Amino acid sequence: MVWRSARGRRIAYQAAAIGAALFVAWFLISNTAANLEERRIASGFGFLGREAGFEIGESAFLRYGASDSYLRALVVGLTNTLAVAVIGIVLATGLGTTIGLSRLSKNFLLRNLSAAYVEFMRNVPLLVQLFFWYAVITESMPGPREALSPLPGVFLSNRGIFVPTFSGAPELQGFNFVGGAALSPEFAALLIGLATYTAAFIAEIVRAGILAVDRGQGEAAHALGLSRGQTTRLVILPQALRVIVPPMTSQYLNLTKNSSLAVAIGYPDLVSIANTTMNQTGQAIEGIAIIMAVYLTISLSISAFMNWYNAHVAFR
Amino acid sequence: MIEMIKVSKWFGLFQVLTDVDLKVAAGEKVVVCGPSGSGKSTLIRLVNRLEEHQSGRVIVDGVELTDDPKKTDAVRREVGMVFQSFNLFPHLTVLENLTLAPVWVKHVSRKEAEETAMHFLARVRIPEQAGKYPSQLSGGQQQRVAIARALCMRPKLMLFDEPTSALDPEMIKEVLDVMVELAREGMTMVVVTHEMGFAKTVADRVVFMDGGRIVEAAPPAEFFGAPKTGRARLFLSQVLGH
Amino acid sequence: MKFAIQWIRENLFAGWVSSAFTLLLIFVLWKTLPPFIDWAFLDAVWKPDSKACRAGEGACWGFIAEKHRFILFGTYPYDLHWRPAVATVLLIGLWIFSAIRLFWKWWLTLVWLSGLTTIGILMWGGILGLPYVENERWGGLILTLLLTTFGLAIAFPLSILLALGRRSDMPVIRGLSVGYIELIRGVPLISLLFMASVMLPLFLPSGVTIDKLLRAQIAMILFAAAYLAEVVRGGLQAIPRGQYDAAHALALPYWRRTYLIILPQALRISVPPLMNTFIAFFKDTSLVLIIGLFDLLSTIKISLNEPAWTGFGIEAYVFASLVYFVFCYAMSRYSRGLEHQR
């Protein structure tokens, strides 16, 4: 009788679904508890207060030493992740927009070279590209004493890339550089890899956005006497941006998630440090939970922003 | 005002216009009609170089249209165009749509541009819509805004590419009324349209095109009353029959 | 000749900016292309001789020549290499076979089942006189292809269920679907691989083991299901409302109308973004390197560890790029062909 009525059926299905989910959860949790006890692995997040005991190769903002807590180590990892993500996003957006616009150029060389760039970068896995850049920096670059200097103040060597900052320019002292900002080979490889890879996807988004604007808009603007540049700036781009922003934000999120590949080339991002922590304490579940919680927070924040944007800024 | 001498145009290998000769004097109103695919839209788009001709000469207001972008810009400043799909800028208000070109092309001050804009909005009878966005207006209102937008550049010549074809029937009249008023004030107009009533009322000349050529051209009384060619007769019977 | 000059004028020197770009790009190409050709071809060492490689100035392709067996087949027993070789060719053949529209009939499933069974027999052995090879020793190209194939094959039906669940009007079903999809899409693939690698053994009753390959495969399936679900959901949303109305009006029950009317249309619309997701998934299999599986990228990387060949990373990864590029580019061209046919 319950299953005769449609409403009854719906309730039954949902009850069954909840039941199944609860059963699975119970099954997993009870097994896990038993296994953890058998292997004498601790539970809980108490370990965060304990001394970490390992060094971290580089830290973007915070100071850290081996006697600091695990929690601090993880926070350093997080700031490292954010550092490479933010700079990567800025570089990728600039490069990607340029290439996207180039794809629409009337110039044959510009159009086809940028198309080739996009095709190549999109069809090779990011991990391969990261390993490639790391190999370029560590194998092909000369030592600091013979460092390449493509621009004044910028030095490329196999110990990393050195750039001038507001506080000073890098100078060679002995076997290494002092002053300015130093990008370690790991950071540089990760940054270049992420930026060039994501730029290819952003290029396609920009191109699609501009093509999405109705042809008549450009024609009307030209008929009114607006120049090509004015038309692009005042009529096409504002409309294209509304189509571009959602998928662009999605790419930003991808770049941030992709920065987790840092663990493969030795850059101490959040995943890297969480991995080390898990290996040392044996508390894998807590470690993975932390990683997932952090990334989920970032993704959900960006989704929330996107929803706000769609509701308020998109075309009525 | 417009002189087209033996103009031909190809899209790839397909010839859309063949040896077209056309002269439009200042103050003249010319209606271009014909079956679809006859090249009439392409013809008027040659006047402000939204399309380029491959052979022959196109001279507008004394300026010959060539590859030189400066000449094209000069012509476009004096020629206004109204499109079938309105092509209003959706991200700008009605007022901003009207002031954009005067400010950025003619370098008129914003205040002056807005005054001109309100003047022409009143002319097309929708001054109260100045602050609205195009999506909030009806089709007929949007097309009238489009006409006002073209007029704000104070053109010497207005081109209309099937201005009422995308409108619901009850809105066609309000747009045609504006066009008739414009004609009566002496504006030079070239209008591609199926609205034969408009042609009868306002046109000095009706140009009939078919297959990329001008087949017949005559004052409306002559064209509608005694069409000379068989193709014109066939077309008229199809268009006027129902 | 006149055409050529006109073409050059329009496409390369159409204005100040365009001309500047042309000159700049020609300069850049002139500076980079000849040195690259020197490095990659003219000065390159093709013989598998590491001393010659180190002495030479060009690329060391001999590294690939020397290590190609390990790169393609991983740690599979050396004299049984014909088995993964045949399996690889067979699997690629199955893919190509399925790509041809002529063969999109009901018996394609049977072709796949028999093909996969054959591949299973070849790789594992243990019967028909073939010695048994445990899957811990599988590696190289066949591993990448198997992970991709099984990953997509199992994830795709799951993703359809998830997409339908997300659009369900039953709040519990919708909640569970949304929760799953957003959770998986919000975290990096690496964390899922770690989770599978480390946590799956804990989830199972003590004594039950699950081998590394299966763990990775499960993680990849869970990952793909969430992303494919969003693509299918896009397709479901893109169908005109009228189709749903018509299906309801015909009084068909839910699963019948979904299977007969809704899904065929949704999937047809979704083909381009689905293909893009397939290609992305193929690239993502390279991440299993991080949890210790020997996919194609992994075997290439490990080959570099031998002292004779360390330092040739650039050659190694250029080679890896080429292999992946060939597969992915072929798939994306095929996808574009499909789009045009429709």
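Values quoted throughout were computed directly from the atomic coordinates according to the rules given, and no laboratory measurement underlies them. The shown structure was predicted, so the numbers you read here are calculated from the model rather than taken from an experiment. Heads up, the Cβs are rebuilt from the backbone with ideal geometry, glycines too, and the neighbour counts pull from every protein chain shown.
A cut-off under 15 angstrom between Cβ atoms defines the neighbours of A:Ala264, and their net charge, with Lys, Arg +1 and Asp, Glu -1, is -1. Residue by residue along C:197-209, Cβ atoms of other protein chains within 10 Å of the local Cβ number 5 on average.
Beyond 34 Å, the tail of the calculated P(r) for segment A:70-290 holds 29 percent of the Cα pairs.
Hull volume per residue, based on the alpha-carbon atoms of segment B:146-242 and their convex hull, is 114 Å³.
Summarising the strand pairing of the protein assembly as shown, around 60 percent of its internal DSSP beta bridges are antiparallel.
At a Cβ-Cβ separation cutoff of 4.7 angstrom, cysteine residues of the protein assembly as shown with no neighbouring cysteine are B:Cys33, B:Cys152, C:Cys328.
Exposed loop sites here mean chymotrypsin sites (Phe, Trp or Tyr not before Pro) with a DSSP loop assignment and at most 10 other beta-carbon atoms within 10 Å; chain C contains its longest site-free run at C:133-342. Using the alpha-carbon atoms, what tilt in degrees (0 to 90, nearest 10) does helix B:69-78 show relative to the longest principal axis of chain B? With both axes taken from Cα atoms, the answer is about 80 degrees. Peptide A:136-149 has a mean of 1 when you count, residue by residue, the C-beta atoms of other protein chains within 10 Å of its C-beta. Ranked by the mean number of other Cβ atoms within 10 Å per residue, highest first, peptides B:47-60, A:10-23, B:136-149 order as B:136-149, B:47-60, A:10-23. Counting only residues at least eight positions apart within a chain, or on another chain, the aspartates and glutamates with an alpha carbon under 13 Å from that of B:Lys173 are B:Glu181, B:Glu195.
Taking a Cβ cut-off of under 12 Å around A:Ser184, the surrounding Lys, Arg, Asp and Glu residues balance to a net charge of -1, with basic ones at +1 and acidic ones at -1.
Over 26 Å between C-alpha atoms is what I'm after, so list which of B:Lys29/B:Lys71; B:Lys132/B:Lys156; B:Lys29/B:Lys132 land there. With Cα atoms farther than 26 Å apart: B:Lys132/B:Lys156; B:Lys29/B:Lys132. Please compute the modelled spin-label separation between C:His68 and B:Phe14, points set 7 Å along Cα→Cβ, answer in nm with one decimal. Calculated label separation equals 5.0 nm. Let me know the shape class of segment C:1-142, please: from the alpha-carbon gyration tensor, a ≥ b ≥ c as square roots of the eigenvalues, rounded when a/c is under 1.5, otherwise prolate if a/b is greater than b/c, or oblate. The shape class here is oblate.
Computed with the Debye formula from one identical point scatterer per Cα of segment A:35-161, without solvent, the log10 of I(q)/I(0) at q = 0.09, 0.11 Å⁻¹ comes to -0.50, -0.70. Of the chymotrypsin sites (Phe, Trp or Tyr not before Pro) found in segment A:88-169, the ones in coil according to DSSP and having at most 12 other Cβ atoms within 10 Å of their Cβ are A:Phe166. Over segment C:117-224, the hull volume per residue, using the convex hull of the C-alpha atoms, is 134 Å³. Residue by residue, segment A:235-248 carries 3J(HN,Hα) couplings of 10, 6, 4, x, 6, 5, 4, 5, 7, 7, 4, x, x, 5 Hz when phi is fed to the Karplus relation 6.51 cos²θ - 1.76 cosθ + 1.60 (θ = phi - 60°); x denotes Gly or Pro. In straight-distance terms, cross-link reach from C:Lys51 covers every one of the lysines whose alpha-carbon lies under 19 Å from its own, apart from those fewer than eight places away in the same chain; here that gives C:Lys67. In plain terms, the C-alpha convex hull of segment C:77-132 casts an average shadow of 3.9 nm² when viewed from every direction. Rounded to whole numbers, the Karplus 3J(HN,Hα) couplings from phi for segment A:173-186 are 10, x, 9, 9, 9, 10, x, x, 10, 10, 9, 4, x, 5 Hz, using 6.51 cos²θ - 1.76 cosθ + 1.60 with θ = phi - 60°, and x at Gly and Pro. Building the convex hull from the alpha-carbon atoms of chain B and averaging its projection over directions returns 13.2 nm².
Amide H to amide H distances under 5 Å link B:Ser8 with B:Asp19, B:Val20, B:Gln54, B:Ser55, B:Gly56, where only residues 5 or more positions off or on other chains count and H is placed in the peptide plane.
Taking the three principal axes of the alpha carbon atoms in segment B:45-156, the coordinate ranges are 46, 29, 23 Å, sorted in descending order. Looking at segment B:146-242 alone, DSSP beta bridges between its own residues are antiparallel in about 50 percent of cases. Name all residues of segment B:1-36 having a backbone nitrogen under 12 Å from the label point set 7 Å from the Cα of B:Thr229 along its Cα→Cβ direction, giving them as ranges. So the set is B:18-21, B:33-35. With the largest listed first and rounded to whole Å, the semi-axes of the equivalent ellipsoid of chain C from the Cα gyration tensor are 40, 33, 20. If you take the alpha carbon atoms of the protein assembly as shown and fit the smallest convex hull around them, that volume is 247 Å³ per residue. The residues packed around C:Leu143, meaning those with a beta-carbon under 12 Å from its beta-carbon, carry a net charge of 0 if Lys and Arg are +1 and Asp and Glu are -1. Whole-Hz Karplus values for segment C:44-58 come out as 6, 9, 9, 7, x, 10, 5, 5, 4, 4, 5, 6, x, 9, x Hz, taken residue by residue from phi with 6.51 cos²θ - 1.76 cosθ + 1.60 and θ = phi - 60°; glycine and proline positions read x.
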